[in-house]
Amino acid sequence: MITARDASTRPAPPAQWDVERVRRDFPALHQQVHGKPLIYLDNAATSQKPQVVIDALMAYYARENSNVHRGVHLLSEKATQAYEAGRARVQRFLNAADTREIVFVRGATEGINLVAASYGRTWVGAGDEIIISTIEHHSNIVPWQILCEEKGAVLCVIPVNDNGELLLDEYARLLGPRTKLVAVGHISNALGTINPIAQMIGMAHRQGVPVLIDGSQAVPHLRVDVRALDCDFYVFSGHKILGPTGIGVLYGKAEWLERMPPYQSGGDMIASVSFEKTTYNALPYKFEAGTPHIAGVIGLGVALDYLSGLGLDRVVAYERELLAYGTAALDAVPGVRIIGTAKEKASVLSFIVDGVHAHDVGTILDQAGVAVRAGHHCAMPVMQRFGVPATVRASLAFYNTHEELDVLVAGLHDVREIFR
């Protein structure tokens, strides 16, 4: 059993990484649950928020609360400036070519649905094919199933090996003259697998096929450069990257977004309206109908700046070391089996305990103050592929510690004792 007393055997964290100082920025981490210090290992579901993000939301509602774009009074002008500054922050974070390519949505799910409805209903027809993978989140499966059912198209699925890695030879065979879109996750939320998306995008583009990347699990853990990747669409949710809930981003190449029809209609996505004809607004507003989540955009921009200020490369290095430590610790617990052992992984430890249902494991860990996720993680085909009903998922962030992983391991030993 690995305990906090084994600290001398741990690898040193990356230079200048002071996890305790970072933790002070997150008020939610400093509380107790069931009389125990909270150990928050559910970051793949949603991340905790730094105080600067909370302060930004409160400041907007306290002093600048107003609608954007159409007002001529001072509060509206301030709100508009803050909202569009948030868009510019997202553009810089993703290295997009222009703010016109940044569309605000409610989350990655809505971003995928937007592309399915707008691009899909325009360019996908009967007999055409859309490629996804076995390890997608439901949000990157169901919209394409609906589109295929509506259009008479075919959904093609890239298989994975026993480590949870996509089989690129099979992917190459699936690409063909009827392929209209590839939609794959950057990182699997259920396994932590980092997919070789740069290679996959290149393979698709050589056949003239556009690619959508679900980056919900990637943007908090990797440096993402949409121009270097050359993806056509990239989506992510703000709440997984230290920002508020209810806000997300669709990046799209301007040449695609210009050609795509609006997803929703109403205020702010129009240039002019008459009973005879409506003309649509310019990008990105053509896709932002109605009053947007103004505070969410402001908070997201602050969150991205906060993460960038920490030094994303140092964040990645620390999380990689933390994942290695956690993997070794779980491997040492009798009866625990990690599901998802890809060579390239992000900060997800998905596992089962022999003879114990994942929900029971999660409940016992909760009593010890350890917050993990138990279930199918909105990735039921992944569970079917690996022949398990559910897994326990401990998902890590840069504010987690080795000591917290020690408590997780101690809790798993307790689970083993209870179910002997």
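Looking at region 51-67, is at least one residue within 26 Å of Glu321 (Cα to Cα) and out of contact with any Pro (no Cβ under 8 Å at 6 or more places or on another chain)?
The answer is no; no qualifying residue exists.
Quick check on my filter: what residues within region 180-235 are of a type in the set (Ser, Thr, Tyr) and over 19 Å from Val160 (Cβ atoms)? Spell out the reasoning first.
Of all residues in region 180-235, those of a type in the set (Ser, Thr, Tyr) come to 188, 193, 216, 234.
Within region 180-235, Tyr234 is the sole residue that qualifies.
So, of the residues in region 166-198 that are hydroxyl-bearing (Ser, Thr, Tyr) and surrounded by 24 or more Cβ atoms within 10 Å (Cβ to Cβ), which turns out to be farthest from Ala116 (Cα to Cα)?
Thr193
Within region 317-332, can you find the residues that are touching a Phe, Trp or Tyr at 6+ places or on another chain (Cβ under 9 Å) and buried (at least 18 other Cβ atoms within 10 Å of the Cβ)?
Those that are touching a Phe, Trp or Tyr at 6+ places or on another chain (Cβ under 9 Å) and buried (at least 18 other Cβ atoms within 10 Å of the Cβ): Tyr318, Glu319, Leu322, Leu330.
Of all residues being under 22 Å from the mean Cα position of the chain (by Cα) and either among the small types (Gly, Ala, Ser) or in a helix (DSSP H, G or I) (or both) in region 30-55, which is nearest to Leu242 (Cα to Cα)? Just the residue, please.
The qualifying residue nearest to Leu242 (Cα to Cα) is Ser47.
Among Thr122, Thr134, Thr109, which is surrounded by fewer than 17 Cβ atoms within 10 Å (Cβ to Cβ) and either in contact with a Gly (Cβ under 7 Å, 6 or more places away or on another chain) or not aliphatic (A, V, I, L, M) (or both)?
Thr122
Does region 203-258 hold any residues that are free of Cβ contacts under 8 Å to residues at least 60 places away in the same chain and either touching a Cys at 6+ places or on another chain (Cβ under 6 Å) or basic (Lys, Arg) (or both), and which are they?
Across region 203-258, the qualifying residues are Arg206, Val211, Ile213.
For region 206-260, which positions are under 12 Å from the mean Cα position of the chain (by Cα) and among the aromatic types (Phe, Trp, Tyr)?
Answer for region 206-260, where residues must be under 12 Å from the mean Cα position of the chain (by Cα) and among the aromatic types (Phe, Trp, Tyr): Tyr234, Phe236.
Which one of Tyr280, Tyr325, Tyr263 is in contact (Cβ under 8 Å) with a residue 40 or more places away in the chain and not assigned by TED's automatic domain parsing to the domain that holds Glu404?
Selected residue: Tyr263, the only one of Tyr280, Tyr325, Tyr263 that is in contact (Cβ under 8 Å) with a residue 40 or more places away in the chain and not assigned by TED's automatic domain parsing to the domain that holds Glu404.
Among the residues of region 84-104, are any hydrophobic (A, V, I, L, M, F, W, C), out of contact with any Phe, Trp or Tyr (no Cβ under 7 Å at 6 or more places or on another chain) and under 26 Å from Leu168 (Cα atoms)?
Within region 84-104, none of the residues are hydrophobic (A, V, I, L, M, F, W, C), out of contact with any Phe, Trp or Tyr (no Cβ under 7 Å at 6 or more places or on another chain) and under 26 Å from Leu168 (Cα atoms).
The values are calculated or read from the model by the stated rules, or taken from the named source; none is laboratory data. Please read all numbers here as calculations on a predicted model, not as lab measurements. Virtual Cβ from ideal backbone geometry, glycine too; neighbours counted across all protein chains shown.
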